[in-house]
Amino acid sequence: MKDTSCIFCKIANGTIPSYKVYEDNDVIAFLDVNPASRGHTLVVTKEHFSNMTTCPKSILDKVFEVAQTIAQAQIAQLGATGVNVLTNVGESAGQTVHHFHVHVIPRYDNDGLKLAFPPKQLADSEMTDIKSSIEKAL
Ligand code: 5GP
Ligand code: ZN
C-alpha cells in the first residue's frame, strides 16, 4: 500500500534524496538524517507498513538480514566496536515516522550515547501473570 504523504515512501521511490547504502526489491537502507552516531543507518521496507507488527514475516526476515549486513559493515569499515539494532513501534515507544524501519546504530568506545532502560522489579505474581498473557497469544 502506498502512502503519498509518507517521507520514507518518498525516499523509497526516489522522490526525496537520501544517502542510500543498499537497495533490493523489498528493502532500502540509508543514513539517518540526524544520526545518533557516525554511520547510523535506517533499514526500511519499500512497501508502506506502519511498523514491525504489521509487516509480513517474509519481508521482516529480509529487513533483519540487511540490518545484520549493515552492522557487519559498520564494524568492518567504520571501526564500530558495538551496534544497537532497534525498531520503535508506536508513539509511546518513540516512533515518529510511521513507516516500518530498523535503526542500525554503530557504537564506539566511550561514545557517550545512552539508550537507557532503567531497571524495574515486579512481584513474582505479576511476572507470572505477564508470562501467561503473552503465552496465550503465541
Ligand atoms: P523513529 O523515531 O520513527 O524510530 O525514527 C525516525 C528516524 O528517521 C529518526 O532517527 C530521524 O532522524 C529519521 N528521519 C526522519 N526524517 C528523515 C528524512 O527525511 N531522511 C532521513 N534520512 N532520515 C529521516
Ligand atoms: Zn511509507
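Take the residues in the range 56-66 that are of a type outside the set (A, V, I, L, M) and out of contact with any strand residue (DSSP E or B) (no Cβ under 8 Å at 6 or more places or on another chain), then tell me which one is most open to solvent (accessible area, probe 1.4 Å). Steps first, answer last, please.
Looking only at the range 56-66, we keep the residues that are of a type outside the set (A, V, I, L, M), and these are 56-58, 61-62, 64-65.
Right, trim to out of contact with any strand residue (DSSP E or B) (no Cβ under 8 Å at 6 or more places or on another chain) and you get 56-58, 61, 65.
On the way: Pro56: 55, Lys57: 159, Ser58: 78, Asp61: 98, Glu65: 120 Å².
Among those that are of a type outside the set (A, V, I, L, M) and out of contact with any strand residue (DSSP E or B) (no Cβ under 8 Å at 6 or more places or on another chain), it is Lys57.
Going through Thr81, Thr41, Thr45, Thr96 one at a time, which residue ends up being in contact (Cβ under 8 Å) with a residue 12 or more places away in the chain and within 16 Å of ligand 2 (Cβ to nearest atom)?
On the way: Thr81 fails: within 16 Å of ligand 2 (Cβ to nearest atom); Thr41 fails: within 16 Å of ligand 2 (Cβ to nearest atom); Thr96 fails: in contact (Cβ under 8 Å) with a residue 12 or more places away in the chain.
Just a single option satisfies the conditions, and that option is Thr45.
Residue-wise test of (1) closer than 18 Å to Ile7 by Cβ; (2) surrounded by fewer than 15 Cβ atoms within 10 Å (Cβ to Cβ).
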{"site": "Val33", "(1), (2)": "yes, yes"}
{"site": "Ser37", "(1), (2)": "no, no"}
{"site": "Asn51", "(1), (2)": "yes, no"}
{"site": "Gln68", "(1), (2)": "no, yes"}
{"site": "Ala73", "(1), (2)": "no, no"}
{"site": "Gln77", "(1), (2)": "no, yes"}
{"site": "Leu86", "(1), (2)": "no, yes"}
{"site": "Thr96", "(1), (2)": "yes, yes"}
{"site": "His103", "(1), (2)": "yes, no"}
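Let's see how each residue does on (1) of a type in the set (D, E, K, R); (2) more than 13 Å from ligand 1 (Cβ to nearest atom); (3) more than 25 Å from Leu113 (Cβ to Cβ); (4) not in a loop (DSSP other than H, G, I, E, B):
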residue: Ser18; (1), (2), (3), (4): no, no, no, no
residue: Ala29; (1), (2), (3), (4): no, no, no, yes
residue: Pro35; (1), (2), (3), (4): no, no, no, no
residue: Val44; (1), (2), (3), (4): no, no, no, yes
residue: Thr53; (1), (2), (3), (4): no, yes, yes, yes
residue: Asn84; (1), (2), (3), (4): no, no, no, yes
residue: Asn88; (1), (2), (3), (4): no, no, no, no
residue: Gln95; (1), (2), (3), (4): no, no, no, no
residue: His99; (1), (2), (3), (4): no, no, no, no
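The values are calculated or read from the model by the stated rules, or taken from the named source; none is laboratory data. If you're wondering where the values come from, they're calculated on a predicted model, not measured in any experiment. Cβ sites come from the backbone with ideal geometry, for glycine too, and all protein chains shown count toward neighbours. Areas reflect the complete protein model, heavy atoms only, side chains present, ligands, DNA and RNA absent. Shrake-Rupley method; radii C 1.70, N 1.55, O 1.52, S 1.80 Å.
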